[in-house]
Amino acid sequence: MPEAVLEFVTNRDVNSVRDIQNRLLFAYENDLSKHAPKEIVTRIRMLWNSIPAQLAKENKKFIYGLIREGARAREYEVAITWLMDVGLVYRINRVKKPDFPLRAYQNFSALKLFVLDIGLLGAMSRLNAKIILEGNRLFEEFKGALTEQYVLQQLIVKPENDIFYWTAENATSEVDFLIQTDECIVPLEVKAEENLQAKSLKVFVQKYGVKNAVRVSMSGFMEQDWLTNFPLYNISYLNQYLKERAGTP
């Protein structure tokens, strides 16, 4: 969001930044009425407005029942596709196992939905704009939703990344992102604090014999056997690190 970034860099006024974000959200709402097929406008709007609540859950799998009671996937598939086509949401599908190519093992009925921008997610959630000035608290709000959104945005701009997520069958273990690059498949777990536990990653590594996994957190860079801790502020360099580790120029 260039205008919002410019406003903050120039004036350091978070309230003005939030005004810009709210204007953008209002413009998107108007565009729904103008450009979306009339028969699905209401569904698109309801789905779009449900995203903050979807990401506020511990398990961020998209639940249609949060849109409205009794909602079913078939009613909202076209709405999701429309929002994806206009660039307002990112869809991340679950994969059943970490084999090449990941796309061959994706489960289209299990997904996460993220919005296009972390600042807009904060505005949609009515999160106090001043929280950005309160150290790491930004990353801790509503179950780390902003942290996961931030990491996805850094990953998705790399064209070589194909991004999914993984959950165990009939279990609670979940890997936030599973990334296929030109070199490898990497499980990645996102932590909103300086939390060095990686229980789900350990389950994943033991199950599939994966040699390299990444945990992203507020802690510094650290390599520990099969696990690399990557600091949140440096996540944009993850692909470069993976290439160097694989010996790829």
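The values are calculated or read from the model by the stated rules, or taken from the named source; none is laboratory data. Keep in mind that this is a model prediction, so the values were computed, not measured. All Cβ positions, glycine included, derive from the backbone under ideal geometry; neighbour counts span all protein chains shown.
Odds and ends about this structure:
- For segment 98-118, a tally of residues being modelled with pLDDT under 95 and either within 17 Å of G144 (Cβ to Cβ) or part of a helix (DSSP H, G or I) (or both) returns 1.
- G135 meets each of the listed conditions (1) modelled with pLDDT under 90; (2) within 21 Å of L88 (Cα to Cα); (3) not hydroxyl-bearing (S, T, Y) apart from (2).
- In segment 97-106, the residues that are free of Cβ contacts under 8 Å to residues at least 24 places away in the same chain and in contact with an Asp or Glu (Cβ under 8 Å, 6 or more places away or on another chain): Y105
- L127 being assigned to a loop (DSSP other than H, G, I, E, B) and in contact with a helix residue (DSSP H, G or I) (Cβ under 7 Å, 6 or more places away or on another chain): yes
- Residue that is surrounded by the most Cβ atoms within 10 Å (Cβ to Cβ) [pool: residues in segment 108-134 that are in contact with a Lys or Arg (Cβ under 7 Å, 6 or more places away or on another chain) and over 15 Å from I80 (Cβ atoms)]: A123
- Counting the residues of segment 37-60 that are among the β-branched types (V, I, T) and under 20 Å from the mean Cα position of the chain (by Cα) gives 2.
- Some residue of segment 204-224 being charged (D, E, K, R) and under 19 Å from the mean Cα position of the chain (by Cα): yes
- Each residue in segment 191-249 was checked for being without any contact (Cβ under 8 Å) to a residue 60 or more places away in the chain, in contact with a Phe, Trp or Tyr (Cβ under 7 Å, 6 or more places away or on another chain) and over 19 Å from L152 (Cβ atoms), and 4 of them qualify.
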